[in-house]
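Asks: Handing you a structure now.
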Amino acid sequence: MNETKKVKDEPEIEQGPECIVVVQNGFVYVGHVTLEDGSMRISEAYNIRRWGTTKGLGQLAIEGKQKETLLDYCGVVRVPFHSILFTIDSTFGLLP
């Protein structure tokens with residue numbers, strides 16, 4: 001199986017827009033982002049383990065999950081602002 005499934009439901013929290021978030025040390029996440037207390041909260045977060053694209057991360061944001069894309073469910077991820085390299089709005093809807 002190529003994808004880790006959600007283990008348990010999160011409490012009901014207002015969700016922000018879906019974004020791809022690139023952080024230090026090569027980690028790339030996708031999820032609904034909100035800002036809180038010096039960090040970015042990524043709910044329904046998935047680590048993008050394998051992009052599976054021919055045109056980079058922008059292709060995922062515009063076209064969505066590709067045949068070779070691998071996503072691993074992480075729940076809620078909080079990233080300090082200083083660790084965020086950049087974000088890309090996901091216009092297609094990359095989340096499973």
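The values are calculated or read from the model by the stated rules, or taken from the named source; none is laboratory data. Every value quoted in this text rests on a predicted model; they were computed, and no experiment measured them. Reconstructed Cβ throughout: ideal geometry from the backbone, glycine too, with neighbour counts over all protein chains shown.
Results for (1) polar (S, T, N, Q); (2) part of a loop (DSSP other than H, G, I, E, B); (3) under 13 Å from Val21 (Cβ atoms), shown as yes or no for each residue.
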residue: Tyr46; (1), (2), (3): no, no, yes
residue: Thr53; (1), (2), (3): yes, yes, no
residue: Gln59; (1), (2), (3): yes, no, no
residue: Glu68; (1), (2), (3): no, yes, no
residue: Val79; (1), (2), (3): no, no, yes
residue: His82; (1), (2), (3): no, no, no
residue: Phe86; (1), (2), (3): no, no, yes
residue: Thr91; (1), (2), (3): yes, yes, no
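Asks: Let me ask you something else. Scan the stretch 37-47 for residues that are free of Cβ contacts under 8 Å to residues at least 40 places away in the same chain and either farther than 14 Å from His82 by Cβ or in contact with a strand residue (DSSP E or B) (Cβ under 6 Å, 6 or more places away or on another chain) (or both) and jot them down.
Replies: Answer for the stretch 37-47, where residues must be free of Cβ contacts under 8 Å to residues at least 40 places away in the same chain and either farther than 14 Å from His82 by Cβ or in contact with a strand residue (DSSP E or B) (Cβ under 6 Å, 6 or more places away or on another chain) (or both): Arg41, Ile42, Ser43, Ala45, Asn47.
Asks: Please work out which residue is modelled with the lowest pLDDT, limiting yourself to the stretch 1-35 and to residues that are of a type in the set (Gly, Ala, Ser) and more than 9 Å from the chain's Cα centre (by Cα).
Replies: Checked the stretch 1-35; the qualifying residue modelled with the lowest pLDDT is Gly16.
Asks: Is it true that Val33 is β-branched (Val, Ile, Thr), touching a Phe, Trp or Tyr at 6+ places or on another chain (Cβ under 9 Å) and surrounded by 14 or more Cβ atoms within 10 Å (Cβ to Cβ)?
Replies: no
Asks: Of all residues in the stretch 48-76, count the ones that are β-branched (Val, Ile, Thr), loosely packed, with under 15 Cβ neighbours inside 10 Å and touching a strand residue (DSSP E or B) at 6+ places or on another chain (Cβ under 8 Å).
Replies: Looking only at that region, the number is 1.
Asks: Gly64: at pLDDT below 95, among the small types (Gly, Ala, Ser) and out of contact with any Phe, Trp or Tyr (no Cβ under 7 Å at 6 or more places or on another chain), yes or no?
Replies: No; evaluated as a whole, the condition is false for this residue.
Asks: Restricting to the stretch 36-47, and then to whatever is at negative phi and over 11 Å from the mean Cα position of the chain (by Cα), can you tell me which residue is surrounded by the fewest Cβ atoms within 10 Å (Cβ to Cβ)?
Replies: In this case the residue turns out to be Glu36.
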